[in-house]
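Asks: Got a structure for you, written out below as structure tokens; questions coming shortly.
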Amino acid sequence: MRIRTNFFVTTDGFVSGPDGRPVQLLLPGFTGANSYGLPEFLANCEAVVMGRTTFLPALNAPRWPWTQPVFVLTSGPLPDGTPDDVTAASTATELLELMESAGVTGDVHLVGGPSTMDAFREIGALAEIWLHVVPIVLGSGHPIATGETAPISLTLASTRTSPVWIGRGNGSAGGRPGLKRPSTNRPQTCS
């Protein structure tokens with residue numbers, strides 16, 4: 001299993017504005033999972049993991065956005081209207097065990113913010129971080145790293161540019177010993 005995350009980040013380090021709206025919503029032509037390299041990233045993801053803050057707005061979406069099993073990191077019960085096949089736990093370790101017991105062996109898309117990313121990184125379960133650098137300076141908002149985030153060393157695996165929007169890089173963020181890893185020593189990319 002490889003837990004991978006895919007963040008859009010401004011040049012000054014914010015993943016969302018002061019109002020909580022993700023920065024990718026500021027991009028022209030952003031249509032969700034069908035744009036800006038997301039189809040490539042999502043093609044091999046067999047499950048989705050997220051925090052409660054990301055999960056709750058999906059309940060009010062006109063269409064449930066995921067076809068894969070969904071796992072939610074939350075300290076409280078999920079609200080009424082939560083689909084029956086959503087699994088929740090209060091720690092990243094417990095959620096990882098639940099994913100493994102559910103038979104998830106491939107890529108898992110970590111959707112959500114820095115706190116959820118940190119929770120999986122702290123237990124060594126975050127294998128890959130994709131960053132889409134949005135050429136916007138917001139000046140304030142929610143940063144990609146919380147004030148308690150330990151430094152993360154990344155190994156650049158690939159880059160791509162576009163004359164229309166952003167640069168993208170993805171790289172290895174380590175990973176938890178014991179997780180099934182690709183047979184190669186190089187980080188695998190979807191591009």
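Bear in mind that the values in this text are calculations on the coordinates, not laboratory data. What you see is a predicted model; the values in this text were computed from it and never measured.
Asks: Can you work out the Karplus-derived ³J(HN,Hα) for every residue in region 106-120? Use 6.51 cos²θ - 1.76 cosθ + 1.60 with θ = phi - 60°, whole Hz, and x for glycine or proline.
Replies: x, 6, 10, 8, 8, 9, x, x, x, 5, 5, 4, 4, 4, 6
Asks: What do the square roots of 5 times the Cα gyration tensor eigenvalues come to for region 2-172, in whole Å, largest first, as semi-axes of the equivalent ellipsoid? Could the numbers behind the result be given before it?
Replies: Numbers: eigenvalues 121, 66, 56 Å².
Three semi-axes, in Å: 25, 18, 17.
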